[in-house]
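One structure is given below, encoded as structure tokens.
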């Protein structure tokens, strides 16, 4: 019988987490604090809200491993303090990213397999393994990072290269 090597979930997620957080930092560095109240549409988040949400998402990895359920109908936990400066935003990303990294490093394979539930009272929004939630949170951060890049473009702020060159960084 041939042995199959299967990487521990943390070994799979940690390099991706580090890479995606570093790319997210490049985008957040460009978010002008003077425009944190700007929004492209009345139904859209402000630049500051979107930037903080993007930075916050990675920290939900720790929150997921600290609990087995979050119920919005009864949740009384603290809301993040709104960031007011670019330095606060980048510090927030660093703190939330480091918490996620430490959590993944300490988690066992069983921790990743445990089911986690997001609900609003009787309504189940998500019930997945913590590994699936971790994947979702990284992807969710990437999604909102893309939205932030559109905000930057609309504000005529040069966008950074992410997965390939940026026209702004190539001088086009």
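Below are the figures for this structure:
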read-out	value
Candidate set from segment 52-65 (those that are under 18 Å from residue 128 (Cα atoms) and in contact (Cβ under 8 Å) with a residue 24 or more places away in the chain); member that is surrounded by the most Cβ atoms within 10 Å (Cβ to Cβ)	61
Test result for residue 73, in contact (Cβ under 8 Å) with a residue 24 or more places away in the chain, in contact with a strand residue (DSSP E or B) (Cβ under 7 Å, 6 or more places away or on another chain) and in a loop (DSSP other than H, G, I, E, B)	yes
Residues that are within 30 Å of residue 65 (Cα to Cα) and without any contact (Cβ under 8 Å) to a residue 40 or more places away in the chain, drawn from segment 136-162	136, 139, 143, 146
Residue among 168, 91, 110 that alone is out of contact with any helix residue (DSSP H, G or I) (no Cβ under 8 Å at 6 or more places or on another chain) and closer than 22 Å to residue 49 by Cα	91
Any chance residue 107 is over 20 Å from residue 29 (Cβ atoms), surrounded by 13 or more Cβ atoms within 10 Å (Cβ to Cβ) and modelled with pLDDT under 95	yes
Any hit, segment 112-128, residues being part of a helix (DSSP H, G or I), in contact with a strand residue (DSSP E or B) (Cβ under 6 Å, 6 or more places away or on another chain) and over 16 Å from residue 101 (Cα atoms)	yes
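The values are calculated or read from the model by the stated rules, or taken from the named source; none is laboratory data. Everything quoted here is computed from the prediction, not taken from an experiment. Ideal geometry is used to build each Cβ from the backbone, glycine not excepted, and the neighbour counts take in all protein chains shown.
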